[in-house]
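Undergrad: Got a structure for you, questions after.
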Amino acid sequence: MDPFVGLEGRGKFELEDNNQKLYNYIKQFEVIDNKILLSIILPVFNEEATIYSILKNLPKNELIEIIVVDDHSTDNSIREIERIKKKKELTLIKHKNNRGYGGALITGANMAKGEVIITMDSDGQHSPSDILSLVKPIFEGEADFTIGSRYLGTNYYNLPLITRLGEALIEKLVQIFFGPKIMNNQNGFRALNKKIIPLFSKTRFQDFTLCTELILLASLKLYKIKECPVGIYYRQFGSSKVKLSKLTLNIFSCILLYYMKKINMIFFKSKKGDFRSNG
Ligand SMILES: Nc1nc2c(ncn2[C@@H]2O[C@H](COP(=O)(O)OP(=O)(O)O)[C@@H](O)[C@H]2O)c(=O)[nH]1
Ligand SMILES: [Mg+2]
C-alpha cells in the first residue's frame, strides 16, 4: 500500500500539485549553469515497505537532487531503492556497516551539492508537501536552519506521553542554556543553508542525538534557527528504531558537553578581552 495515498490531506494529486508549487518557487533562484538548488537527503534503515513510494513521490527536477543513504539495511530496502532508481534519478550511497541515523546524515551532507539541504525520514512520517514551508525561510534569508514542527502544524497521531515529556524537557534545557526555543526538537524533517554543512563534520554523536547536537552547534555559531509547521503522520509499517533510554542518556550528555564548550568559549573570549585591554 502506498503510504502517501489515503492519508488525510495527502491525496496523490495534492502531492503533485505541491511538488509543482515547489518547482515554481525555486525556479526564481535558478542561475545560468542550472546548478543544484535543493538536495533532499533520506537516511534509510530497513524501510522496505515505504521507501519505494516515498522516493516515487518526492519532487525531482534538474534543480533538485535526491540522496539516499542506506545504513546497511538487512531487509529488501536496497532492492526497492534500485527498483525506483530505474525510473527516477537519485544517488544511492550504501554504508558497509550500520553507522546510525546521524552517521547516514553526515554521509549525505558531505555529498550534497544544493544551496539548501532537506533531511527527511523514509518511513512515511513526513510529507513532501511540507518541503516548501521548510525551504522558503532559508531561500529568503530569514533563517539558516529550519526544523519542522508538529506543534505548529498537525500531528496525525497520538504522541506517547513519555516522548512529549522528554521533548519538553529538552526544549527547556536548550532554551535556558543556549537560547533558541525548539519544541519539536527531535524532528528529522529539517532544512539547512549549505553554509551549515561544515557543522556536520564537527558532530560527535552518530545516532538520533544528532538532532539535538545540530541545534546546539548551530546556536553556538549564532545561526538563525526557526521552527516551521509540518504534518507528522503515523508510521504505517515497521516500527521506530529509537531506543529511548540510550537516546535520553546521550542527549543529556550532549547538552552537558556543549554547555561546557559554551562556558569555555565565554571564558576564553573574556581572557582574550582582558589580554587586549591589559596590552
Ligand atoms: N541511517 C540510519 N537511519 C536510521 C537508523 N535507524 C532509523 N533510521 C531512519 O531514521 C528515520 C527515523 O527513524 P524512526 O525509527 O522512524 O524514528 P522515530 O520516527 O523518531 O520513531 C527513518 O527514516 C529510519 O529509516 C539507523 O540505524 N541508520
Ligand atoms: Mg519514524
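Undergrad: Residue check: is F200 within 16 Å of ligand 2 (Cβ to nearest atom) and buried (at least 16 other Cβ atoms within 10 Å of the Cβ)?
TA: no
Undergrad: If you don't mind, another one. For region 1-48, give me each residue that is modelled with pLDDT of 95 or more, touching a Pro at 6+ places or on another chain (Cβ under 8 Å) and closer than 22 Å to G238 by Cβ.
TA: Across region 1-48, the qualifying residue is only I40.
Undergrad: So in region 222-244, with the set limited to residues that are surrounded by 15 or more Cβ atoms within 10 Å (Cβ to Cβ) and outside any loop (DSSP other than H, G, I, E, B), which one is nearest to ligand 1 (Cβ to nearest atom)?
TA: Among residues in region 222-244 that are surrounded by 15 or more Cβ atoms within 10 Å (Cβ to Cβ) and outside any loop (DSSP other than H, G, I, E, B), the one nearest to ligand 1 (Cβ to nearest atom) is I232.
Undergrad: May I pose another question? In region 131-154, which residue that is surrounded by fewer than 23 Cβ atoms within 10 Å (Cβ to Cβ) and under 21 Å from I54 (Cα atoms) is nearest to ligand 1 (Cβ to nearest atom)?
TA: Among those that are surrounded by fewer than 23 Cβ atoms within 10 Å (Cβ to Cβ) and under 21 Å from I54 (Cα atoms), it is R150.
Undergrad: What residue, of L247, L256, L210, is more than 13 Å from ligand 1 (Cβ to nearest atom), aliphatic (A, V, I, L, M) and modelled with pLDDT of 85 or more?
TA: Step by step, each of L247, L256, L210 is checked, and only L256 is more than 13 Å from ligand 1 (Cβ to nearest atom), aliphatic (A, V, I, L, M) and modelled with pLDDT of 85 or more.
Undergrad: Which one of these is within 16 Å of ligand 2 (Cβ to nearest atom), without any contact (Cβ under 8 Å) to a residue 60 or more places away in the chain and in contact with a Gly (Cβ under 6 Å, 6 or more places away or on another chain): N187, N158?
TA: N187
The values are calculated or read from the model by the stated rules, or taken from the named source; none is laboratory data. Please read all numbers here as calculations on a predicted model, not as lab measurements. In this analysis, Cβ positions are derived from the backbone assuming ideal geometry, glycine residues included, and neighbour counts consider all displayed protein chains.
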